[in-house]
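The values are calculated or read from the model by the stated rules, or taken from the named source; none is laboratory data. Source: prediction; values computed, not measured. When we count neighbours, we look across all protein chains shown, and the Cβ atoms used for this are built from the backbone with ideal geometry, even at glycine.
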Amino acid sequence: MQDAVEDVEPIPFIAVRFAIGALVLAPLALARPRTSGALRWGVAAGAALGAGYVLQTTGLQYTTSSVSAFLTYLLVVFVPLLSAVLLRRPPGRSTLVGVALALLGLWLLTEGAGIGLGRGEALTVGCALAFAVHILVLDRTAGVDIMRLNAVQFGVVALALAVPGALAGGGYDFPASAWIAALYTGVVVNAVAFGLQVWGQRRVSPSRTALVLMLEPVFAAVLGYADGERLGAAGAIGAGLILAGILVSESTSIDRTVNIQSG
């Protein structure tokens, strides 16, 4: 995504990516038995998912993929906080400790490492908040067919951004590299990986799922390092503290609120 948004505007890229994902899933979703709530919850999930991806992809224009990945996974810390505010589920002591660690890590990753909490970092924190809302929406979708839910929410994102995407910059006049990135993220990340993740989460414990998904920012940091990105000593310590805060916070999260999305 970071390579793609260097050549095209984020909004048309996201619109195309999610349109591809929706089109790939559409025939499979139509073949599935109907379940109540797919449209209602798909629209709600799509609104939160679209906001998250717009903020994340726009933020990638102003920060590195490594920093973006670590900041995005602050969503695991935001989930219990939002649960406390919206669902009146007060966070435990471990959750508060986890939040404190993550905030200290955020400071070290940005200000302490000399990156600064600039536009890209602020947008990515907003992305984490939107993804946390998405998690809470998915918490209400028990019994809804996964294929239909994903097709609807991907379609909602694509339709919501279709006109803004056409009006942004060069619109849908993508170079070949951006089309390849859109095809990859639309098919492999959206249609395949996201579906596999939701399918897998129904077969292992949410806590174990969260721990496995915490490897995503680690992989992003390794790949970013191979691509020439450097966090520095303070940044690396900050990233580690964010992971520690996520781990501590997740250890006491209510299982049913953790259905984390990636990509």
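Residues are listed down the side, and each one gets a yes or a no for (1) closer than 23 Å to Ala160 by Cα; (2) buried (at least 22 other Cβ atoms within 10 Å of the Cβ):
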{"residue": "Pro33", "(1), (2)": "no, no"}
{"residue": "Val43", "(1), (2)": "yes, no"}
{"residue": "Leu49", "(1), (2)": "yes, yes"}
{"residue": "Val54", "(1), (2)": "yes, yes"}
{"residue": "Tyr62", "(1), (2)": "no, no"}
{"residue": "Ser65", "(1), (2)": "no, no"}
{"residue": "Ser68", "(1), (2)": "no, yes"}
{"residue": "Val79", "(1), (2)": "no, yes"}
Q: Starting from the stretch 173-194, take each residue that is farther than 15 Å from Gly155 by Cα and loosely packed, with under 15 Cβ neighbours inside 10 Å and list its partners that are modelled with pLDDT under 90 and of a type in the set (D, E, K, R), counting only C-beta distances under 6 angstrom and pairs at least six apart or across chains.
A: Pro175/Asp7
Q. Tell me, which helices (runs of 4 or more DSSP H) wholly within the stretch 110-196 include 1 or more residues that are more than 15 Å from Thr57 (Cβ to Cβ), out of contact with any helix residue (DSSP H, G or I) (no Cβ under 8 Å at 6 or more places or on another chain) and at pLDDT 90 or above?
A. 146-167, 176-184
(Q) Condition first: part of a helix (DSSP H, G or I), touching a Ser or Thr at 6+ places or on another chain (Cβ under 7 Å) and at pLDDT below 90. Now tell me which residues in the stretch 5-29 satisfy that. (A) Val5, Pro10
**Q.** Pro206 vs. criteria more than 24 Å from Arg32 (Cα to Cα) and modelled with pLDDT of 70 or more
**A.** no
